[in-house]
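Written below as structure tokens is the structure these notes are about.
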Amino acid sequence: MVPFLSAALESILRSLLSRIVKREVLDAADTIAKLMKIDLSIPENAVNVAAFDVGFSAKNELRKNKKLSQLAIMNFKKGCVLFVKACAQRVVERSPLKYKLAVGAGCLDPVCALSLEAGPRRLTLALEVLSEHHWMTGLQVERAHRSYVKVCSESSTRAQLANFDRKKQRLDTLWTNICSQDHKELQYFVKLLSCLSHGNAVVEGGFSVNKECLVENLKEDSLVAQRVVHDAVLAAGSIAQVDITDRMVKTVRSAYSVYREQLQTKKREQDETTELEKKKKRAAALIKELLEKKQRLLSEAQLEASILQDEINFLKP
């Protein structure tokens with residue numbers, strides 16, 4: 001679920017960086033934002049290649065091979081450092097941790113909620129996003145924040161959070177029990193965050209397409225893609241019977257690049273649509289101006305014709 005996403009990704013990123021970044025630099029990055037801003041290109045932040053820990057298994061294999069020179073071992077460690085660095089950069093590049101809401105949703109993680117500092121801090125991030133996008137009003141945001149701080153400081157709530165077992169209990173049920181009728185805004189906030197991962201419900205539910213589960217703002221392309229996957233699994237018999245072909249593997253590998261291309265295509269289409277609308281507005285404004293000018297000229301011509309007619313009538317015997 002989304003509330004556990006930031007903690008899991010932070011753990012992965014911190015684990016990778018612990019192998020290639022100095023301990024004092026890593027300890028100073030006490031928040032997710034600071035952790036993602038560690039510059040791996042600065043030599044002062046990196047550990048010495050000779051001190052890189054390749055792990056117990058690799059150490060044993062290196063010791064067994066007596067023919068390896070120190071230069072070969074050093075080159076091996078350099079390759080390991082480059083690999084770990086590339087993995088860490090990829091996590092940062094594609095990580096949802098770049099989004100405030102993904103980090104803010106961690107306030108519903110019982111471990112985070114038990115912290116009187118981290119919980120409200122992440123809650124604030126989530127509430128800011130929901131307020132900016134008009135999912136919650138300013139009054140609702142204030143009340144939800146006040147309710148969260150209040151319930152998380154109560155001994156009964158802290159006991160429930162401490163005893164939460166992720167393998168046996170549901171997070172939404174936990175927070176529903178915690179939020180009483182006096183905390184309706186907090187209940188609404190929990191409901192919104194609980195629905196964030198709903199887009200994968202058809203997949204997590206065993207490829208069961210239920211029209212009642214479809215989100216109202218689901219893109220047509222996404223809906224078609226989910227239906228194609230669903231039909232392919234049904235045709236194969238079950239998920240375990242799907243034939244993993246080389247073409248499928250290559251497609252998955254290039255999925256991110258295709259995703260980026262689609263984003264650029266959508267952006268170009270949106271820019272073209274925006275430019276077309278601007279042209280239409282400029283044309284409409286010009287037409288309006290010309291019509292007003294035409295009306296003004298007609299009025300002046302009628303007035304001049306009326307004056308001439310009066311002169312003609314005056315000169316007649």
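Among the numbered conditions (1) farther than 25 Å from L130 by Cα; (2) modelled with pLDDT under 85, the only one that L97 does not meet is (1).
In the stretch 221-244, the residues that are assigned to a loop (DSSP other than H, G, I, E, B) form Cβ pairs under 9 Å with partners that are surrounded by 10 or more Cβ atoms within 10 Å (Cβ to Cβ), at six or more places apart or across chains, as follows: V242/A232; V242/V233; V242/A236; V242/M248; D243/A236. Would you check which residues across the stretch 62-101 are closer than 17 Å to R14 by Cα and among the small types (G, A, S) and list them? Across the stretch 62-101, the qualifying residues are A86, A88, S95.
Exactly one residue among L116, L16, L68 is assigned to a helix (DSSP H, G or I) and either surrounded by 17 or more Cβ atoms within 10 Å (Cβ to Cβ) or of a type in the set (A, V, I, L, M, F, W, C) (or both), and that residue is L16. Only one entry in R63, R14 is among the charged types (D, E, K, R) and within 14 Å of V84 (Cα to Cα), namely R14.
Checking each residue in the stretch 90-113 for being surrounded by fewer than 21 Cβ atoms within 10 Å (Cβ to Cβ) and free of Cβ contacts under 8 Å to residues at least 60 places away in the same chain picks out R90, E93, Y99, K100. Residue by residue through the stretch 19-51, note down the ones that are in a loop (DSSP other than H, G, I, E, B) and either of a type in the set (A, V, I, L, M) or more than 30 Å from A105 (Cα to Cα) (or both). Of everything in the stretch 19-51, those that are in a loop (DSSP other than H, G, I, E, B) and either of a type in the set (A, V, I, L, M) or more than 30 Å from A105 (Cα to Cα) (or both) turn out to be A29, I38, L40, S41, I42, V47, N48.
The values are calculated or read from the model by the stated rules, or taken from the named source; none is laboratory data. Small disclaimer: the values here were computed from a predicted structure and weren't measured. For neighbour counting, all protein chains shown are included, and Cβ atoms are generated from backbone atoms with ideal geometry for every residue, glycine included.
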